Amino acid sequence: MVFDTIPSISNIYVTITGPDAIPDSMITDQLVTLYKNGATPRLMTGIAMQESSYMQFRNFTLFNRADKWPNESYDGGSHIGLMMVVPNLTRAWNWFNNTNEGVNLFVNQKLAFSRTYVNRKILEQSKIGITLRD
(Lines give C-alpha, C1' and ligand atoms only; values in the text may rest on other atoms or scores of the structure.)
Protein backbone atom coordinates (compact mmCIF):
# COMPACT_ATOMS: atom_id res chain seq x y z
CA MET A 1 0.00 0.00 0.00
CA VAL A 2 1.33 3.48 -0.79
CA PHE A 3 -0.02 6.81 0.49
CA ASP A 4 1.46 10.01 -0.86
CA THR A 5 4.41 8.01 -2.19
CA ILE A 6 5.34 6.89 1.35
CA PRO A 7 5.24 3.10 1.71
CA SER A 8 2.96 1.77 4.43
CA ILE A 9 3.57 -1.64 5.94
CA SER A 10 0.87 -3.42 7.90
CA ASN A 11 1.34 -6.58 9.89
CA ILE A 12 -1.59 -8.87 10.35
CA TYR A 13 -1.27 -11.66 12.86
CA VAL A 14 -3.59 -14.63 12.90
CA THR A 15 -3.61 -17.04 15.80
CA ILE A 16 -5.50 -20.31 15.80
CA THR A 17 -6.16 -21.76 19.23
CA GLY A 18 -8.13 -24.63 20.67
CA PRO A 19 -11.88 -24.85 21.33
CA ASP A 20 -13.41 -23.97 24.68
CA ALA A 21 -13.94 -27.60 25.63
CA ILE A 22 -14.30 -31.08 24.24
CA PRO A 23 -17.20 -32.77 26.05
CA ASP A 24 -15.98 -35.46 28.46
CA SER A 25 -18.58 -37.85 27.04
CA MET A 26 -17.01 -37.58 23.57
CA ILE A 27 -13.54 -38.24 24.96
CA THR A 28 -14.81 -41.21 26.97
CA ASP A 29 -16.64 -42.69 23.97
CA GLN A 30 -13.52 -42.33 21.81
CA LEU A 31 -11.18 -43.92 24.37
CA VAL A 32 -13.54 -46.80 25.19
CA THR A 33 -14.02 -47.48 21.47
CA LEU A 34 -10.28 -47.45 20.79
CA TYR A 35 -9.59 -49.91 23.63
CA LYS A 36 -12.79 -51.96 23.45
CA ASN A 37 -10.88 -55.24 23.13
CA GLY A 38 -8.67 -54.52 26.13
CA ALA A 39 -8.97 -56.47 29.36
CA THR A 40 -10.17 -53.31 31.11
CA PRO A 41 -12.12 -51.29 28.50
CA ARG A 42 -12.09 -48.05 30.51
CA LEU A 43 -8.37 -48.21 31.26
CA MET A 44 -7.58 -45.51 28.69
CA THR A 45 -10.05 -43.10 30.32
CA GLY A 46 -8.11 -43.46 33.57
CA ILE A 47 -4.80 -42.94 31.81
CA ALA A 48 -6.11 -39.81 30.06
CA MET A 49 -7.40 -38.45 33.38
CA GLN A 50 -4.04 -39.08 35.04
CA GLU A 51 -1.98 -37.74 32.14
CA SER A 52 -3.96 -34.62 31.23
CA SER A 53 -7.01 -34.25 33.49
CA TYR A 54 -9.01 -35.01 30.30
CA MET A 55 -7.79 -31.83 28.60
CA GLN A 56 -6.45 -31.65 25.06
CA PHE A 57 -6.28 -27.87 25.41
CA ARG A 58 -5.77 -25.64 28.45
CA ASN A 59 -5.46 -21.95 29.15
CA PHE A 60 -1.99 -20.48 29.24
CA THR A 61 0.00 -17.72 27.58
CA LEU A 62 2.03 -18.52 24.50
CA PHE A 63 3.35 -16.08 21.91
CA ASN A 64 2.07 -13.25 24.13
CA ARG A 65 -1.48 -14.54 23.85
CA ALA A 66 -3.49 -15.99 26.71
CA ASP A 67 -5.78 -18.58 25.16
CA LYS A 68 -6.47 -22.31 24.75
CA TRP A 69 -3.30 -24.08 23.63
CA PRO A 70 -2.50 -27.79 23.37
CA ASN A 71 -1.99 -29.15 26.87
CA GLU A 72 1.73 -29.68 27.45
CA SER A 73 3.56 -31.87 29.93
CA TYR A 74 4.96 -30.28 33.08
CA ASP A 75 8.45 -30.08 31.52
CA GLY A 76 7.34 -27.61 28.87
CA GLY A 77 6.11 -29.78 26.06
CA SER A 78 8.01 -33.05 25.64
CA HIS A 79 4.55 -34.66 25.59
CA ILE A 80 1.22 -33.19 24.58
CA GLY A 81 -2.56 -33.49 24.64
CA LEU A 82 -5.03 -35.87 26.26
CA MET A 83 -2.71 -38.88 26.21
CA MET A 84 0.57 -36.97 26.63
CA VAL A 85 2.20 -38.37 23.51
CA VAL A 86 5.30 -37.07 21.72
CA PRO A 87 4.19 -33.84 20.03
CA ASN A 88 3.64 -33.13 16.38
CA LEU A 89 1.03 -30.91 14.72
CA THR A 90 -1.68 -33.53 14.33
CA ARG A 91 -1.28 -34.92 17.86
CA ALA A 92 -1.34 -31.42 19.32
CA TRP A 93 -4.33 -30.00 17.47
CA ASN A 94 -6.45 -33.06 16.70
CA TRP A 95 -7.65 -34.89 19.78
CA PHE A 96 -8.76 -37.92 17.71
CA ASN A 97 -5.18 -38.36 16.49
CA ASN A 98 -3.87 -37.78 20.01
CA THR A 99 -6.08 -40.47 21.54
CA ASN A 100 -5.39 -42.86 18.67
CA GLU A 101 -1.65 -42.43 19.09
CA GLY A 102 -1.86 -42.82 22.86
CA VAL A 103 -3.85 -46.05 22.71
CA ASN A 104 -1.61 -47.46 19.96
CA LEU A 105 1.49 -46.61 21.99
CA PHE A 106 0.02 -48.38 25.01
CA VAL A 107 -1.10 -51.49 23.12
CA ASN A 108 1.92 -51.88 20.85
CA GLN A 109 4.74 -50.85 23.18
CA LYS A 110 3.81 -50.36 26.83
CA LEU A 111 1.62 -53.42 27.16
CA ALA A 112 4.14 -55.62 25.32
CA PHE A 113 6.94 -54.36 27.58
CA SER A 114 4.79 -55.02 30.63
CA ARG A 115 4.07 -58.60 29.53
CA THR A 116 7.78 -59.24 28.96
CA TYR A 117 8.64 -57.77 32.35
CA VAL A 118 5.98 -59.79 34.20
CA ASN A 119 6.94 -63.02 32.44
CA ARG A 120 10.60 -62.45 33.33
CA LYS A 121 9.70 -61.87 36.99
CA ILE A 122 7.53 -65.00 37.08
CA LEU A 123 10.43 -67.02 35.66
CA GLU A 124 12.94 -65.51 38.11
CA GLN A 125 10.69 -66.26 41.07
CA SER A 126 9.97 -69.81 39.90
CA LYS A 127 13.72 -70.53 39.91
CA ILE A 128 13.79 -69.89 43.66
CA GLY A 129 10.61 -71.85 44.35
CA ILE A 130 8.07 -69.02 44.41
CA THR A 131 4.99 -69.37 42.25
CA LEU A 132 3.43 -66.11 41.07
CA ARG A 133 0.04 -65.77 39.41
CA ASP A 134 -0.15 -64.83 35.75
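The values are calculated or read from the model by the stated rules, or taken from the named source; none is laboratory data. Predicted model, so just to flag it, every value in this text is computed and none were measured. When we count neighbours, we look across all protein chains shown, and the Cβ atoms used for this are built from the backbone with ideal geometry, even at glycine. The accessibility values were calculated without ligands, DNA or RNA, using every heavy atom of the protein model including side chains. Shrake-Rupley method; radii C 1.70, N 1.55, O 1.52, S 1.80 Å.
The 1.4 Å probe gives accessible areas that order 28, 131, 99, 61, largest first, as 131, 61, 28, 99.
When Cα Rg over 2.2 N^0.38 Å is calculated directly from the model, which label among [x] 1.58; [y] 1.09; [z] 1.43 fits? Label [x] holds the value from this structure. Counting only heavy atoms of the protein chains and using a 1.4 Å probe, residue 118 has close to 60 Å² of accessible surface.
Under the definition of Cα pairs under 8 Å and six or more residues apart, what whole-number percent is the relative contact order of the stretch 10-72?
RCO, the stretch 10-72: 33 percent.
For residue 110, the solvent-accessible surface computed with a 1.4 Å probe is close to 120 Å², ligands and nucleic acids excluded.
The label point for residue 49 and the one for residue 33, both projected 7 Å from the Cα toward the Cβ, are 2.1 nm apart.
When 65, 115, 58 are compared by accessible surface with a 1.4 Å probe, the order from highest to lowest is 115, 65, 58. The relative contact order of the chain comes to 16 percent, based on Cα pairs under 8 Å that sit 6 or more residues apart. With a 1.4 Å probe rolled over the protein heavy atoms of all chains, the accessible area of 72, 51 falls in the order 51, 72, largest first.
Solvent-accessible area of residue 117, all protein chains in place: 100 Å² (probe radius 1.4 Å, heavy atoms, ligands and nucleic acids excluded).
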